Amino acid sequence: MSSSNANLMLHQPVTTLSGIGAQTARRMEKLGIVRIVDLLLHLPLRYQDRTRVCPIGALRPGITALVCGRIEFSEILQRGRRSLLCRMSDGTGCITLRFFHFTARQQSDLQNAPLLSCFAEVRAGYAGLEMIHPEYKLLPNTSACATEACLTPVYSLCEGLHQNTMRKAVRQALTLFTRHRDALPELLPAALLQRLKLPELAQAIPLLHAPDNSVTLADLENGTHPALKRLAFEEFLAHHLSRRVARQRDQALQAPVFAASQQLSDTLEQNLPFQLTSAQRRVIAEICSDCRCDRPMMRLLQGDVGSGKTVVSAFAALQALNSGFQVAVMAPTELLAEQHYNSYHAWFEPLQIKTVYLSGQQKKTERETILQDIAGGSAAVIVGTHALFQEAVRFFRLGLLIIDEQHRFGVNQRLALRAKGETSGCRPHQLVMTATPIPRTLAMLRYADLDISIIDKMPPGRQNVVTSVIPAERRAEVIARIDSWIARGRQAYWVCTLIEESEALQCQAAENTLEQLTQMLPGIRIALVHGRMKAAEKEQAMLAFKQGRTDLLVATTVIEVGVDVPNAGLMIIENPERLGLAQLHQLRGRVGRGPGDSYCLLMYQGPLSGTARERLGILRETCNGFIIAEKDLQLRGPGEMLGTRQTGQITFKIADLSRDAELVPRVPQAAEIIQAEAPESVQPLIDRWLGDTTQYAEV
Ligand code: ADP
Ligand code: MG
């Protein structure tokens, strides 16, 4: 085959490989493998070590090993589940091989004292160690080689796809690749690789699929091998570049230039019942200076729950308003939107600025009037939920979009909104507020198109919430504690959590808990809030709690956002092990908002895994959202930490943000070098690693 044929060949569908039919191809497609080159980037999940034979006498339960020996004895066991048992020995010890499925051929193979090599996990059985359904090979004589030269790759599979099919397919792809390297071209400049001490792609890929004996299993398993680092680095780079390119595109657009609004700002500040913190002042200055440029601001405002983001956004809004532009404020729920409306209304009314609230629940005529006010420009600040982005809503002169994510909006939604304001030929400035702290490493990759402002200090007087981790067996004790807490005139939350997919079950659990607590706490006024109640009912229950007409609020995680009851200083969270740390931190943010001490009891259902214990321990140790996010990232993947529904997923094919974290700081500079020295490589890099998802992210 000529080399250009090999190149073409590698871009053919996998069905052109021998042994892969239409059905296997469909299965591979589920793993994102369509063309032969895709196989090259489908790296092994892990490896098996068949490079050494382990003496049977040295085996321990739990290890996976290759052993060689002679079958001393075999029998078919009829009692219980029919099985074939073989006793194998190598002179250092013996082990039982157990087969539940076997053919007559296998049975006769395994009799007559053959010499055999077996590979499987070792378990403790009734009569000593055993291997269940080991992979085995008959050996013709004692000098026959049972070992393999390289570590054996183990690939992630899907239903119906066999490990051996995948191995054979990859081997064929590798053979084609050795004949034509350009099928998967090197996209990183040689000088860059040298400086980073990373190998070339053409070297890294074969090595990872078929590690030669220079490679140790430990290096691969810990992710410290340079070949792996090389691919992880390239993947990080692709993610960063995709955001960077998007940002550069944005920066080429026109945005309205706002004038400073000293007088309005001074008046607003004088009217506030509190002093702005220095952190608030700093971020206000950052945001306002962005808005005085003719390029669209894309800024993320991060600050823990209660850090005072809303008032910061009001100062940004003033600049737009002062320059004759409208401001749209979008919140994730009606409840929050209404709360925002109330705040902005109270702040802006004295300044003769008209704030309107656009709800999904308004009557038609009322809605029509509001829509007219928005289109005519008499409504200056428009607050609402995602209803703001319906067709019918036409802005007069939208200059600034403020989006309160509070965990709810995905990145894709966020980007979809941008288009809305562009009617005036100008891209509006955009401020996204989030309480989700984004670890620096993640921000460099996923949010490289955003500038980030951080409110890193809470307003004075906020309490740390004393947090304890308690097993569910101590429920009675916890309930007694609620009793005495409420006797002191304080209020409390009881949060029932279940896995998110089943809202019905979650509500049921809350109802059951209400019933139980009502029995056990006579004389205490208990209310219930869950997602399946009518909005009006829910609001009533919340209001009653806020006004102190109820003492204990039993709730599902719906109370995560929007509730502010300073007198409620005790929160019990059931089954905290089921939630992400960020969400737990959010929930806990409901307490510690008033004077006096406050507590959070994490009441888990044992037994806890080591990681679960460690994760809950983090909450006990700190109330700092950033530390929590960083630690959570170290213990779990980023997708899990942020919740796929919440912040937009970031999934890596190969890289691992906790394992490969040390590579991330080198990514931005490498991206700069590539853009300067190999601009033609930028798009191919993005395509190689993000493929179809890039387009999705640009929606
Ligand atoms: P979040 O950042 O969670 O959105 P909010 O903007 O809702 O926080 O602010 C929480 C509460 O803190 C509000 O009642 C707000 O008025 C108050 N607040 C904001 N800034 C300050 C400050 N500098 N000093 C005291 N209270 C403040
Ligand atoms: Mg808020």
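The values are calculated or read from the model by the stated rules, or taken from the named source; none is laboratory data. Please read all numbers here as calculations on a predicted model, not as lab measurements. Note that we place each Cβ from the backbone using ideal geometry, even for glycine, and neighbour counts take in every protein chain shown. Surface areas here come from the heavy atoms of the whole protein model, side chains and all, with no ligands, DNA or RNA. Shrake-Rupley method; radii C 1.70, N 1.55, O 1.52, S 1.80 Å.
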Fill in: Kirkwood-Stokes translational diffusion coefficient of region 17-157, alpha-carbon pairs, 20 °C, 1.002 mPa s, µm²/s
126 µm²/s
Discussion item. Can you work out the Karplus-derived ³J(HN,Hα) for every residue in region 280-294? Use 6.51 cos²θ - 1.76 cosθ + 1.60 with θ = phi - 60°, whole Hz, and x for glycine or proline.
Written reply: 5, 4, 4, 6, 4, 5, 4, 5, 5, 6, 4, 6, 8, 9, 8
Worksheet item: Quick one: if you take sqrt(5λ) for each eigenvalue of the C-alpha gyration tensor of region 203-311, what semi-axes come out, biggest first, whole angstrom?
Response: 49, 20, 7
Worksheet item: So, by mean Cβ neighbours within 10 angstrom, what's the order for 248-255, 573-580, 8-15 with the highest one leading?
Response: 573-580, 8-15, 248-255
Item to complete: Could you state the orientation-averaged shadow area of the convex hull built on the Cα atoms of region 119-230, in nm² to one decimal?
Response: 10.9 nm²
Worksheet item: Percent relative contact order of region 36-153, based on C-alpha pairs within less than 8 angstrom and at least six residues apart?
Response: 30 percent
Practice prompt. Along Cα→Cβ, 7 Å out, is where each label goes; now give me the distance between the ones at Ala504 and Glu537 in nm to one decimal.
Written response: 1.6 nm
Practice prompt. Taking H placed 1.01 Å from N in the peptide plane, check which residues at least 5 places from Gly125 or on another chain put their amide H under 5 Å from its amide H.
Written response: Glu130
Worksheet, complete the sentence: Classified through the alpha carbon gyration tensor (a ≥ b ≥ c as square roots of its eigenvalues; rounded if a/c is under 1.5, else prolate when a/b is larger than b/c, else oblate), region 441-517 comes out oblate
Worksheet item: Out of residues 5 or more away from Ala379 or on other chains, whose amide H comes under 5 Å of its own, with H placed 1.01 Å from N in the peptide plane?
Response: Ile374
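Using a 1.4 Å probe, what is the accessible area per residue for the chain, in Å²? Before the final figure, lay out each step's value.
Details: 31590 Å² over 699 residues.
Per residue, the chain has 45 Å² of solvent-accessible surface.
Remind me, relative contact order of the chain in percent, using alpha carbon pairs under 8 angstrom and six or more residues apart?
12 percent
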Fill in: Rg [Å, one decimal], Dmax [Å, integer] - region 304-389, C-alpha atoms
12.5, 39
Worksheet item: At a probe size of 1.4 Å, how large is the accessible area of Ser378, to the nearest 10 Å²?
Response: 60 Å²
Worksheet entry | In sequence order, calculated HN-Hα J values of region 301-307 (Karplus, 6.51, -1.76, 1.60; Hz; x Gly/Pro) | 9, 9, x, 4, 3, x, 7
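Might you report the magnitude of the Cβ-based charge dipole of the chain about its Cα centre, with Lys and Arg at +1 and Asp and Glu at -1, to the nearest 20 debye? Show your work: numbers first, answer last.
Working: 76 positive and 70 negative charges, 147 e Å.
The calculated dipole for the chain is roughly 700 debye.
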Worksheet item: Got a sec? Charge dipole of the chain, +1 on Cβ for Lys and Arg, -1 for Asp and Glu; which of Ala149, Gln78, Leu220 is way out at the positive end?
Response: Gln78
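Given the chain, what percent of its DSSP beta bridges are antiparallel, to the nearest 5? Don't skip to the end; give the middle numbers.
On the way: 33 of 88 bridges.
In the chain, approximately 40 percent of DSSP beta bridges are antiparallel ones.
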Worksheet item: Residues with beta-carbon under 15 Å from that of Thr277, excluding Thr277: net charge, scoring Lys, Arg +1 and Asp, Glu -1?
Response: +1
Fill in: Relative contact order [Cα under 8 Å, 6+ residues apart], region 190-333, whole percent
23 percent
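For the chain, report the translational diffusion coefficient in µm²/s to the nearest whole number, using Stokes-Einstein at 20 °C, 1.002 mPa s, and a Kirkwood Rh over Cα pairs.
On the way: Rh = 29.7 Å.
Answer, rounded: 72 µm²/s.
Within 10 Å, count the other beta carbons around each residue, average over each peptide in 364-376, 539-551, and list them highest first. Spell out each step's value before the answer.
Numbers: 364-376: 14.0, 539-551: 16.4.
Top of the packing list down: 539-551, 364-376.
Taking a cut-off of 15 Å, what percent of all Cα-Cα pairs in region 264-346 are separated by more than that? The partial results should precede the final answer.
Numbers: 2094 of 3403 pairs.
Counting pairs separated by more than 15 Å, the tail of P(r) holds 62 percent.
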Discussion item. Based on Cα coordinates alone, diagonalise the gyration tensor for region 490-639, multiply each eigenvalue by 5, take square roots, and list the semi-axes in whole Å, largest first.
Written reply: 26, 18, 14
Worksheet item: Taking amide hydrogens as modeled 1.01 Å from N in the peptide plane, which residues meet the under 5 Å criterion relative to Gly569, leaving out close sequence neighbours?
Response: Gln491
Discussion item. Calculate the FRET efficiency for Gln262 and Asp564 from the Cβ-Cβ distance with a Förster distance of 35 Å, rounded to the nearest 0.05.
Written reply: 0.65
Worksheet item: For region 561-621, which whole percent of the accessible surface, found with a 1.4 angstrom probe, sits on carbon and sulfur atoms?
Response: 46 percent
Discussion item. Quick one: the Cα spread of region 2-64 along its three principal axes, in angstroms, biggest first?
Written reply: 52, 29, 19
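What order, most packed first, do the peptides 65-72, 133-140 have when packing is the mean number of other Cβ atoms within 10 Å of each residue? Spell out each step's value before the answer.
Numbers: 65-72: 20.5, 133-140: 15.9.
Those peptides, ordered most packed to least, come out 65-72, 133-140.
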Item to complete: Work out from phi, with θ = phi - 60° and the Karplus expression 6.51 cos²θ - 1.76 cosθ + 1.60, the ³J(HN,Hα) of each residue of region 521-528, listed in order in whole Hz, and give x for Gly and Pro.
Response: 10, x, x, 9, 8, 10, 10, 10
